[in-house]
Amino acid sequence: MTTIETAAEVDVEVRINGRRHRHRVPSRLLLSDYIRDVVGLTGTHVGCEHGYCGACTVMVNQDAVRSCLMLAVQADGAQVRTVEDLAPAGSESLSPMQQAFHDNHALQCGFCTAGFLMTLESVDPDQWREPERIVELLSGNLCRCTGYQNIVNAVAEAWGAYHGDGGSDDG
Amino acid sequence: MSLDIDPHIRHSTRHVGRSVPRREDRGPLTGRSRYVADIRIAGMLEVVFVRSIEAHARITAIDTSEAAAVEGVLAVFTAADLADVSTFPDFIPYIGPVEQRPLAGDRVRYVGAPYAAVVAVDRYIAEDAATLVAAGTVYEPLPTVADLDQALAPGAPRLYDHWESNCSFDVAPHKPEVDRAIEEADRTFTETYVSQRQTGLPMETRGVVADISDGTLTVWSSTQSPHMVRTTVALMLGMPEPQVRVIHPTIGGGFGTKTHIYPEDVVVPWIARRLGRPARWIEDRMENLVASVHAREQRHTVEVAYDDDGTVRGVRCASMLDMGSGEIFMPGTAPVFVTNACITGGYDLPNMEARTIGAVTNKTPAGAYRGFGIPEGAFVMERIIDRVARLTGTDRVDLRRRMLIRPGQTPYVMHGGGRLDSGSHTESFERALEITAPALERARARHADDPDVRVGVGYANYVEPTSPSYHLTTGHWGGGDAATVRVDPDGSVRVAAGLSAIGQGAETIAAQLAADMLGVSPDDVTVVLGDTERAPYGLGSWGSRGAMMLTGSVLLASERLLDKARRIAAHMLEAAEADVVLTDGAFHVAGSGRPSVSWAEVGTAAWVRNVDLPDGMEAGLETSGYYHPENLQHQLDDTGRINAAASWANGTHIGVVSVRLSTGEVRIEDYIVVHDCGTVINPALVEGQVHGGVAQGIAGAMYEHFQYDTDTANPRFASFMDYLVPTCAEMPHMEVDHFESPAPEQPLGVKGCGEGGTVGPPAVVAGAVSDALSEWGVDLTECPVTPVSVRAAIRAAEAARGGAGGAP
């Protein structure tokens with residue numbers, strides 16, 4: 001029997017969306033695969049597996065992280081948040097940003113949406129609410145359906161900032 | 001019948017025509033959607049495909065023993081194992097047969113061709129073992145052809161030994177009136193225009209999960225056409241169709257790439273059946289870039305006959321498609337025919353002779369991408385008009401005005417037989433010009449003080465064939481779709497249709513229409529799409545057919561259901577059927593104060609309390625409708641012409657760009673779209689389709705380009721680092737306005753809007769940049785327009801003048 005050198009298994013303890021998870025996993029397991037396949041939270045999507053498209057973005061402690069570029073073992077001891085944690089628990093309602101995406105038709109196929117939402121969740125709106133800053137912030141996430149305009153509008157609306165087509169700043 | 005003319009339906013609230021919020025949103029927003037990669041079945045195995053690293057080679061040996069011996073690997077399969085699987089059908093008689101097998105046998109014709117499949121308990125182990133199969137593969141390289149010139153050169157290495165050359169098809173109509181135009185016109189010019197290789201690139205890659213249990217093979221596939229997958233998988237595996245169920249769960253975009261039926265759609269089910277265990281394959285992005293179809297690589301050589309006053313008398317065009325290896329089902333041949341059919345766009349130019357040629361090369365098979373040949377043709381036409389305007393000193397806008405199809409000129413039959421049933425070709429252009437004027441002034445003012453910047457404007461007036469025939473594309477399927485509508489005992493409505501939801505909001509519009517037809521809230525309508533077991537046969541979502549086919553079929557089924565429901569209600573009301581009307585969801589006798597009968601009461605009578613039914617009436621309240629657009633043609637007529645689309649949308653795109661001379665940087669300052677897709681069901685969704693289409697069009701106009709090494713036909717791309725997908729930072733502000741010219745032959749007047757957005761940008765950007773650089777005489781003939789190509793054009797113009805640097 002051929003055995004490929006696949007490195008050791010390691011213990012990982014991560015708090016995801018407030019719940020503690022402990023698993024013994026291969027050291028090479030990606031955080032994205034850990035979240036999706038081991039923990040079973042499939043709202044985090046894998047779009048390129050080379051850190052470019054941003055679909056797999058989650059929050060590790062306070063930072064937006066591409067979970068396809070991080071090993072599960074590197075998240076040992078960390079707090080992770082995923083898209084499943086954004087809407088108020090036990091309620092039918094959405095977070096203000098989710099609601100703004102819905103109201104502005106800022107998603108179509110929805111595959112990239114979780115990544116956008118987690119990127120947005122990781123920042124302080126006060127630092128990013130200017131239109132140029134919103135574009136800069138979102139330029140790390142690819143969307144193939146919307147042409148981005150409605151996403152930018154949704155963010156501006158949720159953050160109560162500049163609105164779309166040549167309008168003015170909020171008061 | 002339209003909603004407005006049925007005297008028996010009276011609702012105070014209408015949903016068609018309103019931006020009803022999407023019911024599809026909640027899942028993706030909260031992370032609760034289920035895409036193919038999210039499906040988990042106990043005992044599920046992972047499949048990894050091993051793909052050719054040679055562009056053209058014989059495979060003389062594959063040693064799978066090391067891979068098979070890896071702990072956790074269950075099997076390694078090659079073509080020899082799949083002897084019981086038939087080849088993909090070659091349904092189209094006039095193109096070269098490729099006899100494609102699901103796994104390549106002893107011959108590979110492009111980098112990325114799958115020739116082995118590794119099955120293991122997890123993906124990581126399967127990937128490990130796949131590298132051992134690759135290492136155990138012995139290739140005998142063959143000479144390659146990397147482009148059309150190489151493919152069609154005399155004595156070129158052939159991809160298919162049983163073909164006479166690499167030419168797959170050459171359809172050459174001859175039009176004597178074009179000969180005459182060329183002979184009689186004041187002047188002619190010849191030029192070659194080039195569109196580059198791109199792909200649809202949905203954010204969700206492809207994926208297949210297959211499981212066989214209780215005699216039924218269930219396949220979850222990220223396909224745009226589940227019924228077509230069912231028919232093909234059953235055929236190739238030799239199974240009865242009722243024993244194959246294909247489901248597409250939530251789909252992360254398709255853009256045409258997922259209309260094709262790929263080797264993996266067949267091999268993964270075969271593995272599940274062979275091993276008796278569920279199996280899954282999820283395409284990774286690196287393989288997606290070589291294993292999902294490419295598109296748009298065309299070359300057009302034109303001879304244009306025109307007069308001194310700018311009148312275009314006739315055009316002779318030879319359109320050539322680089323098909324890649326051609327090993328894809330359905331074949332990727334059709335887009336270049338669509339290019340030629342639509343090449344005259346919104347212009348009245350019957351004197352067009354268009355030859356259509358396809359050749360195979362050692363590259364990824366070409367296939368469908370949103371736009372499906374239309375953008376390539378629009379690029380050619382608009383570049384021709386700008387050239388004629390410049391050569392004759394005619395104003396570019398005025399020349400377009402002279403050429404556009406005028407109000408009252410529809411129905412208009414195009415050179416190839418396309419029948420523009422209605423439209424706003426002139427009106428859209430004029431409206432777009434109005435919107436553009438202040439945008440252009442703003443851009444000029446913004447850059448007035450910068451000597452390094454020039455501003456230009458570009459135009460495109462296009463037509464968009466919607467709900468096309470699939471017969472010329474597939475050689476097999478036609479162009480209809482079915483829907484079933486049911487009212488249950490509790491009065492809730494269920495709509496099931498063969499159309500599929502791929503992110504465009506199909507479920508929402510089905511609910512809007514059913515709600516209006518039956519007088520209920522969209523919230524009371526459950527919509528089932530994308531499951532061959534739960535929904536009737538349909539061809540899926542592609543070709544801007546979703547809105548038209550879905551509303552056509554749901555309307556038909558709803559009318560039939562309503563007819564029966566009214567008979568039941570009339571019986572329960574003890575009234576004449578003709579007197580019963582449906583007002584806001586309840587049946588009652590017109591003008592009477594008698595109590596009404598609800599949908600729940602009618603549904604209960606139909607399914608449960610059959611004693612309440614009229615004597616002799618068959619129980620149940622479920623009806624179907626198969627919608628086939630009446631004027632859709634599937635075959636060429638005696639003159640070689642065809643109207644292969646059920647309707648024709650149209651639109652105008654105008655872009656204002658600035659060009660930085662020193663760097664070649666192009667910035668789209670404003671992008672204006674005036675769009676006409678007939679009756680609009682949901683304005684927000686239509687606008688979303690336009691936005692997304694324009695973004696993909698701009699991607700093709702300025703960024704995305706699959707490049708291959710000309711000596712080896714090896715791809716020069718492997719990731720998003722070298723295939724440049726635009727981010728929001730590259731997108732201009734888009735302003736969208738609408739006309740609504742109803743489709744005269746569709747019950748609601750709906751046309752379709754999926755693809756139009758992609759059509760304009762290549763023509764617009766090339767036109768605008770050429771305009772900005774008119775001082776240098778720059779006239780771009782190729783996309784993408786990049787800083788490199790802009791600088792090269794400026795340098796070439798300066799060299800031609802013998803001058804150096806600076807504006808003339």
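The values are calculated or read from the model by the stated rules, or taken from the named source; none is laboratory data. Since the model is a prediction, treat every value here as computed from it, not as a measurement. Please note: Cβ atoms are built from the backbone with ideal geometry, for glycine as well, and neighbour counts cover all protein chains shown.
Observations
- Number of positions in the range B:512-555 that are surrounded by fewer than 24 Cβ atoms within 10 Å (Cβ to Cβ) and among the hydroxyl-bearing types (Ser, Thr, Tyr): 3
- Residues satisfying the stated conditions in the range A:139-162, i.e. out of contact with any helix residue (DSSP H, G or I) (no Cβ under 6 Å at 6 or more places or on another chain) and within 11 Å of chain B (Cβ to nearest Cβ): A:140, A:142, A:143, A:144, A:150, A:151, A:153
- Qualifying residue in the range B:335-344 (condition: in the same structural domain as residue B:643 (by TED's automatic domain parsing), over 22 Å from residue B:647 (Cα atoms) and of a type in the set (Val, Ile, Thr)): no
- Within the range B:540-588, the set of residues being of a type in the set (Asp, Glu) and under 19 Å from residue B:469 (Cα atoms) is empty.
- The listed residue being in the same structural domain as residue B:758 (by TED's automatic domain parsing), free of Cβ contacts under 8 Å to residues at least 24 places away in the same chain and out of contact with any His (no Cβ under 8 Å at 6 or more places or on another chain), out of B:711, B:722: B:722
- Within the range A:37-92, the residues that satisfy the criterion of being surrounded by fewer than 19 Cβ atoms within 10 Å (Cβ to Cβ), polar (S, T, N, Q) and either assigned by TED's automatic domain parsing to the domain that holds residue A:16 or at positive phi (or both) are A:61, A:62, A:74, A:79.
- Some residue of the range B:234-245 being under 27 Å from residue B:101 (Cβ atoms), modelled with pLDDT of 95 or more, touching a Gly at 6+ places or on another chain (Cβ under 9 Å) and not in a loop (DSSP other than H, G, I, E, B): yes
- Of all residues in the range B:61-87, those satisfying the criterion of being in contact with a helix residue (DSSP H, G or I) (Cβ under 7 Å, 6 or more places away or on another chain) and within 17 Å of residue B:328 (Cβ to Cβ) are B:85, B:86.
- So residue B:428, is it closer than 25 Å to residue B:697 by Cα, within 19 Å of the chain's Cα centre (by Cα), in the same structural domain as residue B:406 (by TED's automatic domain parsing) and crowded, with 24+ Cβ neighbours inside 10 Å: no
- Residues that are outside any loop (DSSP other than H, G, I, E, B) and either at the interface with chain B (Cβ under 9 Å from one of its Cβ atoms) or surrounded by fewer than 24 Cβ atoms within 10 Å (Cβ to Cβ) (or both), drawn from the range A:116-126: A:117, A:119, A:121, A:125, A:126
- Every residue from the range B:202-219 that is out of contact with any Gly (no Cβ under 8 Å at 6 or more places or on another chain) and touching a residue at least 60 places away in the same chain (Cβ under 8 Å): B:206, B:207, B:208, B:209, B:210, B:211
- Leading residue by the ranking (nearest to the other protein chains (Cβ to nearest Cβ)) among those in the range A:76-109 that are touching a strand residue (DSSP E or B) at 6+ places or on another chain (Cβ under 7 Å) and assigned to a loop (DSSP other than H, G, I, E, B): A:82
Yes/no matrix, rows are residues, columns are (1) in a helix (DSSP H, G or I); (2) within 20 Å of residue A:105 (Cβ to Cβ); (3) in contact (Cβ under 8 Å) with a residue 60 or more places away in the chain:
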{"site": "B:479", "(1), (2), (3)": "no, no, yes"}
{"site": "B:485", "(1), (2), (3)": "no, no, yes"}
{"site": "B:494", "(1), (2), (3)": "no, no, no"}
{"site": "B:508", "(1), (2), (3)": "yes, yes, yes"}
{"site": "B:514", "(1), (2), (3)": "yes, no, no"}
{"site": "B:520", "(1), (2), (3)": "no, no, yes"}
{"site": "B:534", "(1), (2), (3)": "no, no, no"}
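- Count of the range B:37-68 residues, restricted to those that are more than 14 Å from chain A (Cβ to nearest Cβ), at negative phi and of a type outside the set (Lys, Arg), is 13.
- All positions within the range B:458-477 that are among the hydrophobic types (A, V, I, L, M, F, W, C) and in a strand (DSSP E or B): B:460, B:463
Conditions (1) free of Cβ contacts under 8 Å to residues at least 24 places away in the same chain; (2) within 25 Å of residue B:526 (Cβ to Cβ); (3) charged (D, E, K, R), marked per residue:
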{"site": "B:546", "(1), (2), (3)": "no, yes, no"}
{"site": "B:556", "(1), (2), (3)": "no, yes, no"}
{"site": "B:571", "(1), (2), (3)": "no, no, no"}
{"site": "B:591", "(1), (2), (3)": "yes, no, no"}
{"site": "B:596", "(1), (2), (3)": "yes, yes, no"}
{"site": "B:602", "(1), (2), (3)": "no, yes, no"}
{"site": "B:612", "(1), (2), (3)": "no, yes, yes"}
{"site": "B:620", "(1), (2), (3)": "yes, yes, no"}
{"site": "B:623", "(1), (2), (3)": "no, yes, no"}
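- Comparison of B:789, B:741 shows that the only residue that is surrounded by 17 or more Cβ atoms within 10 Å (Cβ to Cβ), at pLDDT 95 or above and part of a loop (DSSP other than H, G, I, E, B) is B:741.
- Residues that are surrounded by fewer than 16 Cβ atoms within 10 Å (Cβ to Cβ) and either at pLDDT 95 or above or at positive phi (or both), drawn from the range B:91-104: B:99
- Residue within the range B:246-269 that is surrounded by fewer than 18 Cβ atoms within 10 Å (Cβ to Cβ) and either in a strand (DSSP E or B) or modelled with pLDDT of 95 or more (or both) present: no
- Those residues of the range B:190-235 which are aliphatic (A, V, I, L, M), over 20 Å from the mean Cα position of the chain (by Cα) and surrounded by 23 or more Cβ atoms within 10 Å (Cβ to Cβ), in sequence order: B:208, B:209, B:210, B:219, B:233
- Filtered by the rule that a residue be under 21 Å from the mean Cα position of the chain (by Cα), outside any helix (DSSP H, G or I) and surrounded by fewer than 23 Cβ atoms within 10 Å (Cβ to Cβ), the range B:285-319 gives B:293, B:299.
- Options A:65, A:73, A:25, A:38: the member that is more than 7 Å from chain B (Cβ to nearest Cβ), closer than 24 Å to residue B:125 by Cα and part of a strand (DSSP E or B): A:25
- All positions within the range B:1-45 that are exposed (fewer than 14 other Cβ atoms within 10 Å of the Cβ) and modelled with pLDDT under 90: B:1, B:2, B:4, B:5, B:7, B:10, B:12, B:13
- Residue B:341 vs. criteria within 30 Å of residue B:183 (Cα to Cα), more than 14 Å from chain A (Cβ to nearest Cβ), under 19 Å from the mean Cα position of the chain (by Cα) and small (Gly, Ala, Ser): yes
- For the residues B:230, B:206, the requirement of being touching an Asp or Glu at 6+ places or on another chain (Cβ under 7 Å) and under 19 Å from residue B:44 (Cα atoms) singles out B:206.
- For the range A:5-29, a residue qualifies if it is at pLDDT 95 or above, on the phi < 0 side of the Ramachandran plot and either surrounded by fewer than 12 Cβ atoms within 10 Å (Cβ to Cβ) or among the basic types (Lys, Arg) (or both), and the qualifying residues are A:11, A:15, A:19, A:20, A:22, A:24, A:28.
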